[in-house]
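Down below is the structure, laid out as structure tokens.
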Amino acid sequence: MARVKIDLPKTFRFQTTIPIRITDLNYGGHVGNDRILSLIHEARVDYLQSLGFSELNIGGVSLIMSDVAIEYKNELFHGDKLLIDVSAGDFTSSGFDLFYQLQKTGAIGQVLIAKAKTGMVCFDYSSRKVMRVPDEVKQKLTEA
């Protein structure tokens, strides 16, 4: 079976730090794979907020996730500080990808934990229809 391979951008436009809580751990004593997706969601909200957007109002439209890919590299444990870098790319008329680089910081420097990508589609929840990416959104996401 072919493994997921995510090509990250060379530079990222945003970074947030999220501490790992005891509730993020699974029975294996490390952060569960489902929690990584939740941490990515938190980083996405922080990123959009830094640009004056939210998932429900990004230039007058909302966002819905169309796909996700995560490439796991190392473990995370309670008390680790997780740095998540976020950047947008691969724009289409109705969506774009968000790329995430997850690293933990520690005595030995930064260690890559995971790479991820989420496909985001502009959406109108009241009409249940896909919308165009507003020009303002593309501009802010590529400048930020």
- request: Quickly run through segment 32-41 and pick out the residues that are surrounded by 14 or more Cβ atoms within 10 Å (Cβ to Cβ) and in contact (Cβ under 8 Å) with a residue 12 or more places away in the chain.
  value: Ile36, Leu37, Leu39, Ile40
message: Need pairs with beta-carbon distance below 7 Å; first residue hydrophobic (A, V, I, L, M, F, W, C) and within segment 43-54, second part of a helix (DSSP H, G or I) and modelled with pLDDT of 95 or more; sequence gap 6+ or separate chains.
response: Leu51/Lys140
message: Need pairs with beta-carbon distance below 7 Å; first residue under 19 Å from Lys5 (Cβ atoms) and within segment 106-130, second aliphatic (A, V, I, L, M) and not in a strand (DSSP E or B); sequence gap 6+ or separate chains.
response: Ile113/Leu76; Ala114/Ile36; Lys115/Ile6; Lys115/Leu8; Ala116/Ile6; Ala116/Ile40; Lys117/Ile6; Thr118/Ile40
- line: Checked against (1) more than 27 Å from Met131 (Cβ to Cβ); (2) over 16 Å from the mean Cα position of the chain (by Cα); (3) in a loop (DSSP other than H, G, I, E, B), Thr11 satisfies every condition except (2)
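Quick check on this structure: which one of Val86, Val68, Val45 is surrounded by fewer than 18 Cβ atoms within 10 Å (Cβ to Cβ) and in a strand (DSSP E or B)? I'd like the intermediate steps shown before the answer.
Values: Val86 fails: surrounded by fewer than 18 Cβ atoms within 10 Å (Cβ to Cβ); Val45 fails: in a strand (DSSP E or B).
Testing whether each residue is surrounded by fewer than 18 Cβ atoms within 10 Å (Cβ to Cβ) and in a strand (DSSP E or B) leaves just Val68.
The values are calculated or read from the model by the stated rules, or taken from the named source; none is laboratory data. Note that the structure is predicted; figures quoted are calculated from it, not measured. All Cβ positions, glycine included, derive from the backbone under ideal geometry; neighbour counts span all protein chains shown.
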